[in-house]
1. Restricting to the stretch A:190-205, count the residues that are facing chain B (nearest Cβ under 8 Å) and in a loop (DSSP other than H, G, I, E, B).
2. Please go through (1) surrounded by 16 or more Cβ atoms within 10 Å (Cβ to Cβ); (2) modelled with pLDDT of 95 or more; (3) on the phi > 0 side of the Ramachandran plot; (4) away from chain B (no Cβ under 14 Å) for A:GLY156 and return the number of the only condition it doesn't satisfy.
3. Out of curiosity, is A:ALA220 more than 16 Å from the ligand (Cβ to nearest atom), open to solvent by 20 Å² or more (accessible area, probe 1.4 Å), aliphatic (A, V, I, L, M) and at pLDDT 90 or above?
4. Just for strands (runs of 3 or more DSSP E) wholly inside the stretch B:66-157: which have at least 3 residues that are touching a residue at least 40 places away in the same chain (Cβ under 8 Å)?
5. Output the number of residues of the stretch B:139-174 satisfying the condition of being open to solvent by 40 Å² or more (accessible area, probe 1.4 Å), of a type in the set (Gly, Ala, Ser) and at pLDDT 65 or above.
6. Among the residues of the stretch A:227-242, which ones are farther than 15 Å from A:ASP309 by Cα and open to solvent by less than 60 Å² (accessible area, probe 1.4 Å)?
7. Looking at the structure I just gave you, is B:ASP61 away from chain A (no Cβ under 14 Å), touching a residue at least 12 places away in the same chain (Cβ under 8 Å) and among the acidic types (Asp, Glu)?
8. For the stretch A:133-152, check the following and say yes or no: at least one residue is open to solvent by less than 50 Å² (accessible area, probe 1.4 Å) and within 14 Å of another protein chain (Cβ to nearest Cβ).
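The values are calculated or read from the model by the stated rules, or taken from the named source; none is laboratory data. It should be emphasised that the depicted structure is a prediction, and the values quoted were computed from it without experimental measurement. So basically every Cβ, Gly included, is an ideal-geometry build from the backbone, and we count neighbours across all protein chains shown. Ligands, DNA and RNA are stripped out before the accessible areas are found, and what is left, the full protein with its side chains, is counted by its heavy atoms. Shrake-Rupley method; radii C 1.70, N 1.55, O 1.52, S 1.80 Å.
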Amino acid sequence: MTTLALVVGHSEEIAPGIRELSFSRTDGGVLPAHPAGSHVVVDCGEGRRNAYSLTNPGADPREYRIAVLHKSDGAGGSGHMHSLRVGDTVTVSRPRSAFAPVSTARRHLLVAGGIGITPMLAHARDAVRWGRDVDLIYVHRPGSEAFSDELAALLGDRLAETTDEDEFGRLLDKALTGQPIGTHLYVCGPGPLLDRVLADAAAAGWPPERLHLERFVPAALDPGREFVARLARSGRDVRVPSGRSLLDALHEAGVAVPNMCRQGVCGECKVPVLAGTPLHRDEFLADDERGAAVMCCVSRSKTETLEIDL
Amino acid sequence: MGSAHTSVPRWPTSDPGLDRTGRSYAILSFGPDARPTAEGWHRQVVELGRPVWARHGGSADEVLAELAERVEAARVGWRLMLAGPQADVLAARAVATSGGLLDAEITLLVTDDRHRRVWCSHCDTTTLAEVATGDVTGCSGCGRSLLVHHHVSRRNAAYLGFMVDAETIDGEAV
Ligand code: FES
């Protein structure tokens, strides 16, 4: 894993509880480029690493921009991110793209809930810049309308913004039943919003191939059942007790697997599966990869034994 | 994804059943063999209470022209169900995918896979012939003998044909 040592160039509270940060190289040089919808994994202190969407344009960027929602429970590293000030140093992964615009799409329908607006801001800017057809539905709490002004200027009447649950339902319904064939839908926001959009889209006849989601707030994971990881190369069996991740169990057995986010979003900890059925709990693997690989930071096994290629 | 050529998938030759996940439907059948299955789909869609546009038989060219218009006007949630000889079904599928439909939104039933559309890579003519892949057929445009390759172009929904001699080195087929 390659990380970048960057400095904070900008730190500002742009809405209540939402802080925008930018990171640059100390020499001001160009950072690795990335498609719209990419994210970086940032060290948040105490071993926590979180994934954040990049809102900056991705061609030859001189800064990476993110926006961080402060979680009131203090867990999860957002407090640390909010304490960052100009000149502080941060460790940031190279950008990863798991939520890019589909190049063959005829139109792009974006749906954002709350802080889920961050990848959509990048999508909207990119779409306007390259002349792609785009619509955005943005639902948020009253008073916490991050980026509203910029989005209104960018999108005009292609932005539908609301703080009202019922109105959101009507906007969503209208959008889901009125898109030309060839439209792709992208959604980012809290779990219940994602679940609702996916369910409503399926009910309106959208095939999964047209739906793209970014889930940064991991669903609370249950401890899961105990299983055995069989390491094919050494023939060893590693017990993975309930409540311990496969990644940690492997680590304790002396088998190091590269990892970053430990939330099933970054893709770093992928392990090939040879036999058994994984219980997938990640947001990274594509459907057609799920037979042959497992993200060991969050996923477990449905079968009593999972044979992996380690 | 997105490539003009693809190796030949196996098209279903028995009724795959109605895709019930759509919000509205288009059902096209070509030829008498396909009609009963397509009419069965039609009845089921009506029972589901969902809108359906259907064409059974008729001139294939007119049906394809109308299909292109329907695809252009279609909203996401639309499903296309096709039944008929392989040549017609693939031609309709090409119209649909070039209009933005995904394979996930198209159901196919092939009733006759003996006839193939063969695209001549030398004169750009497409010939309908009763021919298997690996066999040779005459091009209706330039008269060349074409070896039918195991490749279907998504764009023009035809098997790729090359002149037989162009494929031969020292008398051996490549
Ligand atoms: S460590 Fe990021 S997906 Fe597992």
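1. Of all residues in the stretch A:190-205, those facing chain B (nearest Cβ under 8 Å) come to A:202, A:204-205.
Cutting the leftovers down to in a loop (DSSP other than H, G, I, E, B) gives us A:204-205.
Residues meeting the conditions: 2.
2. Exception for A:GLY156: condition (1).
3. On the way: more than 16 Å from the ligand (Cβ to nearest atom): yes; open to solvent by 20 Å² or more (accessible area, probe 1.4 Å): yes; aliphatic (A, V, I, L, M): yes; at pLDDT 90 or above: no.
Answer is no for this residue.
4. The qualifying strands (runs of 3 or more DSSP E) are B:78-85, B:106-112, B:115-120, B:145-153.
5. Residues flagged as open to solvent by 40 Å² or more (accessible area, probe 1.4 Å), of a type in the set (Gly, Ala, Ser) and at pLDDT 65 or above within the stretch B:139-174 amount to 4.
6. A:PHE227, A:VAL240, A:PRO241 - these are the residues of the stretch A:227-242 that are farther than 15 Å from A:ASP309 by Cα and open to solvent by less than 60 Å² (accessible area, probe 1.4 Å).
7. Details: away from chain A (no Cβ under 14 Å): yes; touching a residue at least 12 places away in the same chain (Cβ under 8 Å): no; among the acidic types (Asp, Glu): yes.
In short, no.
8. Yes, that holds for at least one residue.
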